[in-house]
Amino acid sequence: MTQRNSPADGGATSVPVVSVENVRKTFESHMVLNGISISVSRGETLAVLGRSGTGKSVLLRLIIGLETPDSGSVRIHGQDIAGLTLDRMGEIRKKMGFLFQHAALYDSLTVAQNVAFPIEHHRREMASSEQRDRVRSLLAEVGMEHDLEKMPSDISGGMQKRVGLARALALEPQILLLDEPTAGLDPISSGEINDLILKLQREHQMASIVVTHDMHSARTIADRLSLLDQGNVVIEGKFEDLQQSDIEFVKEFLKQS
Ligand SMILES: Nc1ncnc2c1ncn2[C@@H]1O[C@H](COP(=O)(O)OP(=O)(O)OP(=O)(O)O)[C@@H](O)[C@H]1O
Ligand SMILES: [Mg+2]
């Protein structure tokens with residue numbers, strides 16, 4: 001399954017859903033991001049690649065508003081999130097579904113309770129029977145409807161990622177941010193997660209950013225790839241553009257992945 005989505009309007013005229021412009025981020029004296037720009041439109045998937053420690057997770061945390069840039073801007077639907085009130089940022093965050101790199105699930109909650117968590121907090125108006133139906137249908141969407149009462153420790157890594165995806169979709173997000181969705185999985189499970197991400201993306205037409213080390217996954221699920229190194233975007237384009245690049249770092253990265 002390798003069909004890809006393209007932005008509804010070709011991406012040429014609309015304001016991107018997520019736009020990171022010239023963002024710098026330093027921790028103490030350690031420069032992590034040195035003027036990064038990326039953007040993603042509705043129905044489009046951008047893969048962010050790079051070696052360990054290049055700031056991929058920091059980039060996602062900046063988009064979610066869990067970190068603030070030293071300079072540059074993060075815009076969601078054109079609106080700069082710097083200086084927003086907590087309430088307003090909370091509203092914007094509800095439009096985002098995210099799967100963190102570590103801690104994909106709450107260990108002490110069942111599969112169903114994990115997926116119910118955001119619904120119980122943000123859809124209080126929903127009757128509990130309706131909430132249960134919603135949890136069931138979300139888990140069915142990721143093929144986990146038979147494991148509602150299991151604990152995260154009793155299911156495989158691939159299944160945990162599926163449940164994490166169901167939870168990320170719980171509030172019908174317009175933006176999906178996935179940090180290493182296939183890390184630690186065997187090739188078959190990774191392939192299943194890739195297929196699932198493609199299916200979800202086709203059905204929901206979100207603006208998606210997927211951070212990954214996994215070039216095969218990036219090729220399969222993304223419309224565009226952005227390769228980071230030393231705080232900068234080294235190259236951005238389709239996989240073929242990376243393959244044809246003369247940049248030494250790009251050639252090395254492709255060779256090693
Ligand atoms: N809150 C923080 N305080 C200090 N340093 C931080 C903080 N968050 C991240 N860093 C540093 O920023 C750098 C980038 O971290 P980040 O987690 O974004 O890397 P990454 O590209 O996601 O790596 P990996 O592929 O291993 O997940 C690392 O050197 C990390 O130690
Ligand atoms: Mg990371």
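Laboratory data are not the source of any read-out in this text; all were calculated from the coordinates shown. Just so it is clear, the model here is predicted, and its values are computed rather than measured. No Cβ is skipped: glycine too gets one built from the backbone with ideal geometry, and neighbour counts run over all protein chains shown.
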For this session: Rank these for me by crowding, S128, S208, S217, going from fewest to most other beta carbons within 10 Å.
Result: S128, S217, S208
Exercise. With N residues in the stretch 14-167, what two-decimal value do you get for its Cα radius of gyration over 2.2 N^0.38 Å?
Worked result: 1.18
Exercise. For the chain, modelled as a Gaussian network with Cα springs under 10 Å, which listed residue fluctuates most, S19, S73, S29?
Worked result: S29
Exercise. Looking only at GluC sites (Glu not before Pro) in DSSP loops with at most 15 other Cβ atoms within 10 Å, what is the longest site-free stretch of the chain?
Worked result: 150-257
For this session: Kindly write out, for the stretch 24-39 in residue order, the coupling ³J(HN,Hα) from the Karplus curve 6.51 cos²θ - 1.76 cosθ + 1.60 (θ = phi - 60°), rounded to whole Hz, with x marking Gly and Pro.
Result: 10, 8, 10, 10, 6, 9, 8, 6, 9, 10, 10, x, 7, 10, 8, 8
Exercise. When the Karplus curve 6.51 cos²θ - 1.76 cosθ + 1.60 is applied with θ = phi - 60°, which whole-Hz ³J(HN,Hα) does each residue of the stretch 172-180 get, with x for Gly and Pro?
Worked result: 6, x, 8, 10, 10, 10, 10, 9, 6
For this session: Quick one: work out Rg over Rh on the C-alpha atoms of the stretch 129-245, Rh as Kirkwood radius.
Result: 1.02
Seminar exercise, completed: With +1 at each Lys and Arg Cβ and -1 at each Asp and Glu Cβ, the charge dipole magnitude of the stretch 107-172 around its Cα centre, to the nearest 20 debye, comes out at 120
Seminar exercise, completed: Log10 I(q)/I(0) at q = 0.11, 0.15, 0.17 Å⁻¹ for the chain, from Debye over equal alpha-carbon scatterers, is -0.59, -1.11, -1.39
For this session: Would you mind calculating the gained length between E145 and H122 on full extension (0.36 nm times residue separation, minus the Cα-Cα distance), in nm to one decimal?
Result: 6.1 nm
Problem set entry | Gain in span if fully extended, K255 to D70, counting 0.36 nm per residue against the direct Cα distance | 63.2 nm
For this session: Please list, in chain and number order, the residues 5+ apart from K150 or on another chain whose amide H is under 5 Å from its amide H, with Hs placed from the backbone.
Result: V111, A112
Exercise. Using +1 on the beta carbon of Lys and Arg, -1 on that of Asp and Glu, and nothing else charged, what's the dipole of the chain about the Cα centre, debye to 20?
Worked result: 280
Seminar exercise, completed: Long-range amide H partners of V233, meaning residues 5 or more apart or on another chain whose placed amide H is closer than 5 Å, are S37
Exercise. Once the Cβ-Cβ distance between Q243 and L86 is put in as r, and R0 is 45 Å, what FRET efficiency do you end up with, to the nearest 0.05?
Worked result: 0.50
For this session: For H204 and D186, compute 0.36 nm times the residue count separating them, minus their Cα-Cα distance, and round to one decimal in nm.
Result: 3.8 nm
Exercise. Helices from the chain with mean Kyte-Doolittle at least -1.0 and a Cα length along the axis of 24 Å or more, per DSSP H: which?
Worked result: 187-204
For this session: Please tell me the relative contact order of the stretch 109-151 in percent, rounded to the nearest whole number, where contacts are Cα pairs under 8 Å and at least six residues apart.
Result: 61
Problem set entry | GNM result for the chain, Cα springs below 10 Å: residue of G164, G78, G65 fluctuating most strongly | G78
Exercise. Per-residue HN-Hα couplings for the stretch 67-73, Karplus 6.51 cos²θ - 1.76 cosθ + 1.60 at θ = phi - 60°, whole Hz, x for Gly and Pro?
Worked result: 10, 10, x, 6, 8, x, 9
